Structure formats: C-alpha cells, structure tokens
Amino acid sequence: MAKEVPKMKECYKAATLKKKQRYAYNPTVKFRINTDSTMTNFNIEHKNKIPPKIAQEINSCLEKIFMSLKYPKVKGEIPVDVIQPLNFSEKK
C-alpha cells in the first residue's frame, strides 16, 4: 500500500487545488479482506470541516485506489477487518 501513497496524495491535491482555502482532511478507511482475498465493506469516515463536495471527490478517488489493490489471501477462515487512518493537509 505504501507505493500507492503518492496516488492518494494526488486525490487530495486534485480536489483541493481549485480552492484558495486550505483544508485538513483525516479520513479513516475501513474495509474487509475476505478469505478469498477479495475486498468488501469499503467505507470512509471523517470528522473534518471540509465541504461535502470536496470530501466526496477525494473519497471517490481513494476508493478507486483501494479497489484496485491486490490483497493477500487471508490465513484461516476468518476475514480481516482493516482500519487505515490517512492524513492530508496543505503545506503552508
């Protein structure tokens, strides 16, 4: 997932580039890796004061990235729930 970080940063930059105001955005990405290595239950939560349209644009972009990743096969018969916090902010 680390090699996808630049793409994730581009999601943030593309959505906020047009705006003059800087926004901190700290979403938490949650999903499940099933025993067959498929990903389900994708969800993004945040508590930042950011315009909904901008949050939606970032989240849509992030979802595409997470959906495109290949996940390892889970050992055993219990799916793995993943909670991945992210942190985006404009440099001053």
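The values are calculated or read from the model by the stated rules, or taken from the named source; none is laboratory data. Computed from a predicted structure; not experimentally measured. Using ideal geometry, Cβ is built from the backbone for each residue, glycine included, and neighbour counts are taken over all protein chains shown. Protein only, heavy atoms only, side chains kept; ligands, DNA and RNA dropped before computing areas. Shrake-Rupley method; radii C 1.70, N 1.55, O 1.52, S 1.80 Å.
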Pairs returned, first residue in the range 58-77 that is within 20 Å of T28 (Cα to Cα), second residue that is assigned to a helix (DSSP H, G or I) and β-branched (V, I, T), beta-carbon separation under 9 angstrom, 6 or more apart or interchain, are I58/T16
Every residue in the range 1-41 that is basic (K, R) and in a helix (DSSP H, G or I), please. K3, K7, K9, K13
Within the range 68-88, restricting attention to residues that are in a loop (DSSP other than H, G, I, E, B), of a type outside the set (D, E, K, R) and loosely packed, with under 13 Cβ neighbours inside 10 Å, which residue is nearest to the chain's Cα centre (by Cα)? N87
Kindly evaluate E57 against the criterion of being touching a Ser or Thr at 6+ places or on another chain (Cβ under 7 Å), under 18 Å from V5 (Cα atoms) and either at pLDDT below 95 or open to solvent by less than 40 Å² (accessible area, probe 1.4 Å) (or both). no
Is it true that K64 is within 14 Å of the chain's Cα centre (by Cα), assigned to a strand (DSSP E or B) and of a type in the set (K, R)? no
Let me confirm something: among I54, I44, I58, I50, which residue is touching a strand residue (DSSP E or B) at 6+ places or on another chain (Cβ under 9 Å) and part of a strand (DSSP E or B)? I44
Any residue at all in the range 39-50 that's within 14 Å of V82 (Cβ to Cβ), surrounded by 15 or more Cβ atoms within 10 Å (Cβ to Cβ), over 11 Å from the mean Cα position of the chain (by Cα) and modelled with pLDDT of 90 or more? yes
